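Inspection log for the structure reproduced underneath, given as structure tokens.
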Amino acid sequence: MSTTSAEKLYGPIAILGGTGSTGMGLALRWARAGETIIIGSRDVERAQETAAQIKARAGGQANISGMENAEACGAAGILMLTVPFEGQVSLLQHLKPAIRSARILIDATVPLATSIGGRASRTLGVWQGSAAQQAAELVPKGVSVAAAFHNVSASLLNGDDPLDCDVIVCSDDPETTQVVCGLAAKIPGVCAIDGGKLENARVLEQITALLIGLNIRHKGHAGIRITGLPPAAYL
Ligand SMILES: NC(=O)c1ccc[n+]([C@@H]2O[C@H](COP(=O)([O-])OP(=O)(O)OC[C@H]3O[C@@H](n4cnc5c(N)ncnc54)[C@H](OP(=O)(O)O)[C@@H]3O)[C@@H](O)[C@H]2O)c1
């Protein structure tokens, strides 16, 4: 699998909900790796302030800007969705007309029970099978959906140290899986693994609830490592 700049192939990466901890952490890591990043937000000022904060940490060469979510979609080839489950459907419905120029949407949404006042260590059932499959129903034709980054700690992403975890990428399109694996592997310490079809996203989403429970119990920032595969399976 290749780690060629995703921007060279598809254009900038817009992170929708990029003002939150997951989006900011991914933006920081990818900006440091040389990707062009657009922070998306419902509020353009918040997006620009967040972009400036990340640029200050990532270094002067970092190519990062802030836009309202719809404008960010129109300017990007890859969309990274990092909003809480309760906002996923309404945001994608609102953004659908703006998403048409994008090629890939990466979904990290976890359907946590907190969305309805429940526990963070429990998930909700999603009719489509997973939040990622729900997203796939809502994007325009021609936009390929991948599920990834559910099992990475946002706290660690926002730090400066290499991570110690794997990122499993699920998608029904092999080219999309390859591109998203390449982006995951740009985060120091991360190995990316092709996790098969998008329907496997339901497992990735469930694992997050377990990791949150482990973090509460043991006071840590848990991630996952998959062992026993041939070296070629790890990017
Ligand atoms: N935290 C983690 O360690 C972690 C790890 C893996 C996956 N995830 C998943 O990644 C997603 C983002 O997590 P997070 O902790 O970064 O979330 P967050 O900080 O609570 O929210 C991220 C951003 O989403 C936007 N947002 C919030 N509510 C929204 C709504 N109803 N509609 C549209 N946009 C809304 C906000 O941006 P604006 O107000 O600027 O628009 C907010 O800054 C979640 O689905 C989470 O389950 C989290």
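Rounded to the nearest 20 Debye, what is the dipole magnitude of the chain about its Cα centre when Lys and Arg each give +1 and Asp and Glu each give -1 at the C-beta? Mind showing how you got there, number by number?
Numbers: 19 positive and 20 negative charges, 56 e Å.
Approximately 260 debye in magnitude.
Counting only DSSP beta bridges whose two residues both lie in the chain, roughly 15 percent are antiparallel.
Compute the Cα gyration tensor for the chain, then decide on rounded, prolate or oblate, letting a ≥ b ≥ c be the square roots of its eigenvalues: rounded whenever a/c is under 1.5, prolate when a/b is larger than b/c in the other cases, and oblate in all that remain. Can you show the working numbers first?
Working: a/c = 1.21, a/b = 1.12, b/c = 1.08.
Since a/c stays below 1.5, the shape of the chain is classed as rounded.
Pairs exceeding a 31 Å alpha-carbon distance, out of LYS55/LYS197; LYS55/LYS141; LYS197/LYS219; LYS55/LYS96: LYS55/LYS197; LYS55/LYS141; LYS197/LYS219.
Only bridges with both residues in the range 145-235 count here: give the DSSP antiparallel percent, nearest 5.
Values: 3 of 8 bridges.
Among the beta bridges of the range 145-235, antiparallel pairing accounts for roughly 40 percent.
If contacts are Cα pairs under 8 angstrom and at least 6 residues apart, what is the relative contact order of the chain in percent? The partial results should precede the final answer.
Working: 544 pairs, mean separation 43.7, N = 235.
Once normalised by length, the contact order is 19 percent.
Spatial offset of the range 122-139 relative to the range 59-83 amounts to 24 Å, using the alpha carbon center of each.
Quick note: the coordinates plus some simple rules give every number you see, no bench work behind them. Computed from a predicted model, the values in this text were never measured in an experiment. Cβ sites come from the backbone with ideal geometry, for glycine too, and all protein chains shown count toward neighbours.
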